[in-house]
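The values are calculated or read from the model by the stated rules, or taken from the named source; none is laboratory data. These figures come from a predicted structure and were not determined experimentally. Neighbour counts are summed over all protein chains in view; Cβ atoms, including those assigned to glycine, are modelled from backbone coordinates with ideal geometry.
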Amino acid sequence: MTVAAQADYKAQARILKALAHPTRLFIVDELSQGERSVGELTEMVGVEMATVSRHLSLLRHVGILEDEKRGVRVFYRLRVPCVRGFFKCIKAVQSK
């Protein structure tokens, strides 16, 4: 394996690791239906806002989400809609 290929695999592993949490999977699945504010996601998840913010920050850091501040509220949305296909793929693996 080349050094460049190894670096690519490490970067891909970081993305998969960011998704490897039930709450983050829920957040990504929810955002596949449209943008949501941190407050809305906090209500849906049912944990403290600080916890949701940490999950969102991690997903944003690896490039899955993007955010937009509007007044005092922050809204998140998928940066790459192709993530939706990831859920279909996982469900296909689960059904085997």
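So in the stretch 20-37, with the set limited to residues that are in contact with a strand residue (DSSP E or B) (Cβ under 9 Å, 6 or more places away or on another chain) and not charged (D, E, K, R), which one is surrounded by the fewest Cβ atoms within 10 Å (Cβ to Cβ)? Explain how you work it out, then say what you get.
In the first step, residues of the stretch 20-37 are kept if they are in contact with a strand residue (DSSP E or B) (Cβ under 9 Å, 6 or more places away or on another chain); the result is 27-28, 30-32, 34-37.
Restricting the remaining residues to those that are not charged (D, E, K, R) gives 27-28, 31-32, 34, 37.
Working: 27: 23, 28: 21, 31: 23, 32: 15, 34: 9, 37: 14.
Filtering first and then ranking leaves 34.
Please report, ordered by residue number, the helices (runs of 4 or more DSSP H) entirely within the stretch 20-62 with at least 1 residues that are touching a helix residue (DSSP H, G or I) at 6+ places or on another chain (Cβ under 6 Å), closer than 17 Å to residue 80 by Cα and not acidic (Asp, Glu). Walk me through it before giving the result.
On the way: elements: 22-31, 38-45, 49-61.
Those helices (runs of 4 or more DSSP H) span 22-31, 49-61.
Looking at residue 86 and the list (1) within 14 Å of the chain's Cα centre (by Cα); (2) modelled with pLDDT under 95; (3) more than 17 Å from residue 15 (Cα to Cα), which single condition is not satisfied?
(3)
Going by the structure shown, is residue 40 under 13 Å from the mean Cα position of the chain (by Cα), surrounded by 12 or more Cβ atoms within 10 Å (Cβ to Cβ) and free of Cβ contacts under 8 Å to residues at least 60 places away in the same chain? Spell out the reasoning first.
Values: under 13 Å from the mean Cα position of the chain (by Cα): no; surrounded by 12 or more Cβ atoms within 10 Å (Cβ to Cβ): yes; free of Cβ contacts under 8 Å to residues at least 60 places away in the same chain: yes.
Against the criterion (under 13 Å from the mean Cα position of the chain (by Cα), surrounded by 12 or more Cβ atoms within 10 Å (Cβ to Cβ) and free of Cβ contacts under 8 Å to residues at least 60 places away in the same chain), residue 40 does not qualify.
Do any residues in the stretch 50-77 that are of a type outside the set (Val, Ile, Thr) have Cβ atoms under 7 Å from those of residues that are exposed (fewer than 13 other Cβ atoms within 10 Å of the Cβ) and at pLDDT 95 or above, where the two are at least six apart or on different chains, and which pairs are they?
Cβ pairs passing all conditions: 75/68.
Anything in the stretch 63-94 that is assigned to a loop (DSSP other than H, G, I, E, B), surrounded by fewer than 13 Cβ atoms within 10 Å (Cβ to Cβ) and of a type outside the set (A, V, I, L, M)? List them, or say none.
Once the filter is applied, which keeps residues that are assigned to a loop (DSSP other than H, G, I, E, B), surrounded by fewer than 13 Cβ atoms within 10 Å (Cβ to Cβ) and of a type outside the set (A, V, I, L, M), the stretch 63-94 yields 71, 81, 82.
For the stretch 1-16, give me each residue that is assigned to a helix (DSSP H, G or I) and free of Cβ contacts under 8 Å to residues at least 24 places away in the same chain.
First pass over the stretch 1-16, keeping only residues assigned to a helix (DSSP H, G or I): 3-16.
Scanning the stretch 1-16 gives 3, 4, 5, 6, 7, 8, 9, 10, 11, 12, 13, 16.
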